[in-house]
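The values are calculated or read from the model by the stated rules, or taken from the named source; none is laboratory data. It should be emphasised that the depicted structure is a prediction, and the values quoted were computed from it without experimental measurement. Neighbour counts run over all protein chains shown; Cβ positions are idealised from the backbone, glycine included. Each accessible area value is taken on the protein alone, full model and side chains, heavy atoms only, with ligands, DNA and RNA left out. Shrake-Rupley method; radii C 1.70, N 1.55, O 1.52, S 1.80 Å.
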Amino acid sequence: MKKKLIIFYSIVLLVVLFSSIFIFIRKNKNRNENENIIIDDTINENIEQEEIIDDSMIGTLTIPKINLIDVEIRETVELETLSHSIGHFESTNIYNGNIGLASHNAGTKANYFADINKLELEDEIYYKTKYGTKKYIVDNITQIDSYDWSKLEQTEDNRITLITCISSNPNMRLCVQGVEK
């Protein structure tokens with residue numbers, strides 16, 4: 001049992017290491033794109049605007065179908081961040097384009113993506129930042145390899161990408177994407 005735990009933590013450490021390297025490379029590549037955010041004045045009437053309290057909080061996520069309501073999103077997907085909030089992949093945009101988010105689905109009190117496996121096509125996702133609120137409709141649900149970062153690449157449409165582990169398969173991730181409506 002101890003050997004399995006060591007292997008498990010080694011895999012987690014490798015994933016975090018490779019994620020950090022990937023984020024660093026993508027962040028430098030997309031620095032200009034991330035600095036030139038286009039502000040959308042459209043705000044969904046059903047979701048109130050909130051003041052962003054500190055620099056690391058970039059917004060909130062609401063997914064009505066799974067009763068996820070106004071959960072804080074913070075910059076980075078490091079373990080410390082994911083232990084108390086949803087994390088934002090720094091290599092992705094904050095408001096327009098492809099927004100990448102990650103969260104635990106088990107093993108912590110911050111398992112905000114525990115039920116994203118219950119989402120279906122056409123379900124709604126609301127993403128709120130100081131720039132406005134966007135509504136997304138789920139249009140893609142897939143399993144990806146834990147090292148497949150292609151779903152986080154820049155897109156021409158406004159899209160949100162939610163990624164979490166798959167409990168029974170540590171080499172795979174569940175990826176739910178929605179397109180802005």
Answer yes if at least one residue in the range 153-161 is touching a residue at least 12 places away in the same chain (Cβ under 8 Å), of a type outside the set (Asp, Glu) and farther than 23 Å from THR76 by Cβ, and no otherwise.
-> no
Counting only residues that are farther than 20 Å from GLU90 by Cα and in contact with a helix residue (DSSP H, G or I) (Cβ under 9 Å, 6 or more places away or on another chain), how many does the range 139-155 have?
-> 3
Which one of the conditions (1) at pLDDT below 95; (2) within 20 Å of GLY178 (Cβ to Cβ) does LYS109 fail to meet, given that it meets all the rest?
-> (2)
Test ASP115 against the criterion of being closer than 15 Å to CYS175 by Cα, of a type outside the set (A, V, I, L, M), open to solvent by 50 Å² or more (accessible area, probe 1.4 Å) and in contact (Cβ under 8 Å) with a residue 24 or more places away in the chain, and give yes or no.
-> yes
Filtering the range 129-174 down to residues that are closer than 23 Å to LEU68 by Cα, polar (S, T, N, Q), surrounded by fewer than 16 Cβ atoms within 10 Å (Cβ to Cβ) and touching a strand residue (DSSP E or B) at 6+ places or on another chain (Cβ under 7 Å) yields ASN140, THR142, GLN143
